[in-house]
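Before any comments, here is the structure.
The values are calculated or read from the model by the stated rules, or taken from the named source; none is laboratory data. It should be emphasised that the depicted structure is a prediction, and the values quoted were computed from it without experimental measurement. Cβ placement follows ideal geometry from the backbone for every residue including glycine, while neighbour counts extend to all protein chains displayed.
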Amino acid sequence: MFTPKYPRPDTAPFPTSTPTTSYAPSPYQPTAYAPAPVPTASASSRPTVQLTPGSVLTLAAGGGALVLVVGAVLVSMLLAVAITAASVAVCAVVIRSILKSDRR
């Protein structure tokens, strides 16, 4: 089951003589090069977006609100990490002082 199975050896006979047909190369005949035509862009069937002053103002206000929300989330996450690090540092100092006073 776990022994490798090798393929059977090739039984085709080796050629013993050289081929009898000869190959004569044809003379080189250069041809003119013509580049392929470049396809042109067809007219788009999608409607174009026309921005009015009101829609530009809405987009700017939405983008600003998005930046403020993402910034607030990132700052709150950074603050959470800083508070956690400070509390771990305080715990380490307290545990160290307990162990130090226990040795005396």
Out of Pro25, Pro53, Pro47, I need the residue that is at pLDDT 80 or above, loosely packed, with under 10 Cβ neighbours inside 10 Å and not aliphatic (A, V, I, L, M). Which one? Pro53
Checking the condition outside any helix (DSSP H, G or I), more than 31 Å from the chain's Cα centre (by Cα) and hydroxyl-bearing (Ser, Thr, Tyr), which residue from Ser42, Ser87 passes? Ser42
When you check Ala60 against the structure, is it more than 31 Å from the chain's Cα centre (by Cα), modelled with pLDDT of 85 or more and assigned to a helix (DSSP H, G or I), yes or no? no
